[in-house]
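Trainee: I have a structure here, written as structure tokens, and I will follow up with some questions on it.
No value in this document is a laboratory result; all are computed from the given coordinates. Predicted, not measured: the structure shown is a model, and the values here were computed from it. Please note: Cβ atoms are built from the backbone with ideal geometry, for glycine as well, and neighbour counts cover all protein chains shown.
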Amino acid sequence: MPTCSEARSSLISLLRGVEHFNTEVFPAKEKLFASLAKGQSPDALFIACADSRINPNLITQTEPGDLFILRNIGNIVPAYGEMLGGVSSAIEYAVMGLGVSAIIVCGHSDCGAMKALLAPKKSGLDTMPTVASWLRNAEAARASMSDLKAEDAGPANVRTLSERNVMLQIAHLKTHPAVAAGLARGTLFLQGWFYDIGSGEISILDENTHSSVSIPETISKLEKEPA
């Protein structure tokens, strides 16, 4: 835990950042923010982990207003009806209210939520009942790796579980009425991504083959599909 002095220094650092935004960044993008003040029309709903190392706008090279971002522990989407609340309402609003054309679920390397699923005692999950309850929405992904022990929670297995969790959450997404309707109309695309923090590499997770596909391969395939 940080000391009082360290906590104060962290807050001051944030405020310095805001000061820099107000005096330097905002003036340079004043026209953009003037247009955003009138409303939003994002292209995609981006569902990511709350992990502080993940920056959706940075890794997609998008501007404010381009993404409708939903973040939580483990980039989880409860199946419709399981936990009606912030996640389900954000999905419904993004699709029906904002008309997004894509939903991305992005998992990542070294995910604390996945580590907790693999080694709950080591991660102190028993002291965080709310987190433990939330992670039950990823239990099916963990169950698919039931032969693993807590000591097996290394980078490779964390990645495997992260990828399986993304696929599980894509399946959960399809139970949401707004998403199901968009898919049926052909006006909505779903994709699962895996982001490797150390290398910066993003892979697309193929639902059908359960394999990773590169960004160039995915772009090429999409460009060849009929309009």
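Trainee: Quick one: work out Rg over Rh on the C-alpha atoms of region 36-155, Rh as Kirkwood radius.
Mentor: Details: Rg = 16.1 Å, Rh = 15.8 Å.
Checking Rg against Rh, the ratio lands at 1.02.
Trainee: May I pose another question? Just how large is the dipole of region 92-215 about the Cα centre, in debye to the nearest 20, putting +1 at every Lys and Arg Cβ and -1 at every Asp and Glu Cβ? Please list the in-between numbers first.
Mentor: Values: 10 positive and 12 negative charges, 55 e Å.
The calculation lands at about 260 debye.
Trainee: Which peptide among 157-163, 137-143 comes first, and what is the full order, when sorted by highest mean count of other Cβ atoms within 10 Å? Let's see the in-between values first.
Mentor: Working: 157-163: 21.0, 137-143: 18.7.
Sorting 157-163, 137-143 by mean packing, highest first, produces 157-163, 137-143.
Trainee: Rounding to the nearest 20 debye, state how big the charge dipole of region 1-41 is about its Cα centre with +1 on each Lys and Arg Cβ and -1 on each Asp and Glu Cβ.
Mentor: Working: 5 positive and 4 negative charges, 33 e Å.
Computed about the Cα centre, the dipole is about 160 debye.
Trainee: What residues qualify as long-range amide H neighbours of Phe189, i.e. H under 5 Å apart, gap of 5 or more or another chain, H built at 1.01 Å from N?
Mentor: Ala102, Ile103
Trainee: Shifting gears a bit: In debye to the nearest 20, how big a dipole does the chain give about its Cα centre with +1 on each Lys and Arg Cβ and -1 on each Asp and Glu Cβ? Each step should come with its number before you reach the end.
Mentor: Details: 19 positive and 24 negative charges, 77 e Å.
Taking the Cα centre of the chain as origin, the dipole is about 380 debye.
Trainee: Something else about it: Given the options Leu168, Thr130, Val77, identify the residue whose Cα lies farthest towards the positive end of the charge dipole of the chain (+1 on Cβ of Lys, Arg; -1 on Cβ of Asp, Glu).
Mentor: The Cα lying farthest towards the positive end belongs to Thr130.
Trainee: Where in the chain are the helices, taken as whole DSSP H runs, whose Cα atoms extend 30 angstrom or more along the long axis and whose Kyte-Doolittle mean reaches at least 0.5?
Mentor: Values: long enough: none.
Answer set is empty.
Trainee: Sticking with this structure for a sec: Between Gly200, Pro216, Phe189, whose Cα lies farthest towards the positive end of the dipole of region 179-223 when Lys and Arg beta carbons carry +1 and Asp and Glu beta carbons carry -1, centred on the Cα centre?
Mentor: Phe189
Trainee: Could you check what % of the DSSP bridge pairs in region 68-227 are antiparallel, to the nearest 5?
Mentor: Numbers: 6 of 13 bridges.
So the antiparallel bridges in region 68-227 amount to around 45 percent.
Trainee: Continuing with this model, one more query. How much mean residue ellipticity at 222 nm does the chain get from its helices, if each DSSP H run of length 4 or more adds -39500 (n - 2.57) and you divide by all residues, to the nearest 500 deg cm²/dmol? Don't jump to the answer; show the numbers that get you there.
Mentor: Working: 10 runs with 92 residues, N = 227.
Dividing the helical sum by the residues of the chain leaves -11500 deg cm²/dmol.
Trainee: So if I take the centroid of the Cα atoms in region 167-212 and the same for region 16-47, what is the distance between those two points in Å?
Mentor: Centre-to-centre (Cα) distance: 28 Å.
Trainee: Given a 10 angstrom Cα cut-off, can you work out which residue in Ile12, Ile215, Ile103 is the most mobile in a GNM of the chain?
Mentor: Among Ile12, Ile215, Ile103, the largest GNM mean-square fluctuation belongs to Ile12.
Trainee: Tabulate in residue order the Karplus-calculated ³J(HN,Hα) for region 198-203, using 6.51 cos²θ - 1.76 cosθ + 1.60 with θ = phi - 60°, rounded to whole Hz; enter x for Gly and Pro.
Mentor: My calculation for region 198-203 gives x, 9, x, 6, 10, 10 Hz in order.
Trainee: Further question on the same structure: Counting only residues 5 or more places away or on other chains, whose amide H sits under 5 Å from the amide H of Asp51 once H atoms are built in the peptide plane?
Mentor: Gly74
Trainee: Another question, then. Apply the Karplus curve 6.51 cos²θ - 1.76 cosθ + 1.60, θ = phi - 60°, to the phi angles in region 128-133 and return the couplings in whole Hz, x for Gly and Pro.
Mentor: 10, x, 5, 5, 4, 5
Trainee: Once phi is turned into ³J(HN,Hα) by the Karplus curve 6.51 cos²θ - 1.76 cosθ + 1.60 with θ = phi - 60°, what whole-Hz value does each residue of region 95-108 show in order, with x for glycine and proline?
Mentor: Running phi through 6.51 cos²θ - 1.76 cosθ + 1.60 with θ = phi - 60° gives 7, 8, x, 9, x, 4, 9, 8, 10, 10, 10, 10, x, 8 Hz.
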